[in-house]
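J.: What follows is a single structure, and I will ask about it in a moment.
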Amino acid sequence: MERQEIQRLFKQHYGKMLRVARTILYDEQESKDVVSDIFEGLLRGRTVLMPDTEERYLLTSVRNQCLKRIRHQEMRLRMESATAGQTSDAEAEDERMTDIVEFVISHLTEQEQRIFRLRFSEGYSYEEIASAEGISRVAVWKHLSHALKEIKNRFNPKGL
């Protein structure tokens, strides 16, 4: 599209386009940005407008661009609030894990603590723990079962 043609469209339709954008966005600067973006697209693109449909095309472009900006803003707000929620969820989970570790240290025997750490922190199998501790696999199971029962009773007393 020729530069003179775009200048003519700008002079002829800018006011209407800006009013439509303001009606949708309720923001003067955002509205000006939307209209400017449309004319910038015409300058860069190879859009050919027919004389009898140019106004309809431009006003529809304004409406679509405004709706696109609104969706983008809503999505950004949702992402920000979700991220904020995840941060507080992660902090709550960290605090919960700290409470569990403190409970394990203060309420379990030294052997139960070692077995618990070997199993859940270091990922050893029952067989490996039994060999390291010099006890049977059944004894490992009993110690872990007792430790988990104590933790569940403390942190999930109603079994939720």
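J.: Tally time: how many residues in segment 15-31 are within 16 Å of E54 (Cβ to Cβ) and in contact (Cβ under 8 Å) with a residue 24 or more places away in the chain?
T.: Total satisfying the criteria: 3.
J.: List every residue pair whose Cβ atoms sit under 6 Å apart, with the two residues 6 or more apart in sequence or on different chains, where the first one lies in segment 89-111 and is touching a residue at least 40 places away in the same chain (Cβ under 8 Å) and the second, anywhere, is small (G, A, S) and open to solvent by less than 100 Å² (accessible area, probe 1.4 Å).
T.: Once the first residue is touching a residue at least 40 places away in the same chain (Cβ under 8 Å) and sits in segment 89-111, its partners that are small (G, A, S) and open to solvent by less than 100 Å² (accessible area, probe 1.4 Å) give L108/A147.
J.: Could you give every pair whose Cβ atoms fall below 7 Å, whose first residue belongs to segment 55-68 and is over 19 Å from Q7 (Cα atoms), and whose second residue is of a type in the set (A, V, I, L, M, F, W, C) and open to solvent by less than 70 Å² (accessible area, probe 1.4 Å), counting only separations of at least 6 or pairs across chains?
T.: As it stands, the answer is R63/V20; R63/I24; Q65/V34; Q65/I38; C66/A21; C66/I24; C66/L25; C66/V34, since those pairs meet every condition given.
J.: While we're here: Could you give me the residue pairs with C-beta distances under 8 Å whose first residue belongs to segment 141-157 and is touching a residue at least 40 places away in the same chain (Cβ under 8 Å), whose second residue is open to solvent by less than 50 Å² (accessible area, probe 1.4 Å) and of a type in the set (K, R) wherever it lies, and which are 6+ apart or on separate chains?
T.: Taking only residues 6 or more apart or on different chains, not a single pair turns up.
J.: Taking the condition β-branched (V, I, T), within 25 Å of E5 (Cβ to Cβ) and out of contact with any Lys or Arg (no Cβ under 8 Å at 6 or more places or on another chain), does T23 pass?
T.: The answer is no for T23.
Quick grid of which residues meet (1) surrounded by 15 or more Cβ atoms within 10 Å (Cβ to Cβ); (2) farther than 30 Å from L18 by Cβ; (3) modelled with pLDDT of 90 or more:
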residue	(1), (2), (3)
I70	no, no, yes
M75	no, no, no
A92	no, yes, no
G134	no, yes, yes
F155	no, yes, no
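Quick grid of which residues meet (1) part of a loop (DSSP other than H, G, I, E, B); (2) more than 20 Å from the chain's Cα centre (by Cα); (3) within 30 Å of F155 (Cα to Cα); (4) among the hydrophobic types (A, V, I, L, M, F, W, C):
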{"residue": "Y14", "(1), (2), (3), (4)": "no, yes, no, no"}
{"residue": "S31", "(1), (2), (3), (4)": "no, yes, no, no"}
{"residue": "F39", "(1), (2), (3), (4)": "no, yes, no, yes"}
{"residue": "D52", "(1), (2), (3), (4)": "yes, yes, no, no"}
{"residue": "E55", "(1), (2), (3), (4)": "no, yes, no, no"}
{"residue": "Q73", "(1), (2), (3), (4)": "no, no, no, no"}
{"residue": "S81", "(1), (2), (3), (4)": "no, no, yes, no"}
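The values are calculated or read from the model by the stated rules, or taken from the named source; none is laboratory data. The shown structure was predicted, so the numbers you read here are calculated from the model rather than taken from an experiment. Reconstructed Cβ throughout: ideal geometry from the backbone, glycine too, with neighbour counts over all protein chains shown. Accessible surface areas use protein heavy atoms only, side chains included; no ligands, DNA or RNA. Shrake-Rupley method; radii C 1.70, N 1.55, O 1.52, S 1.80 Å.
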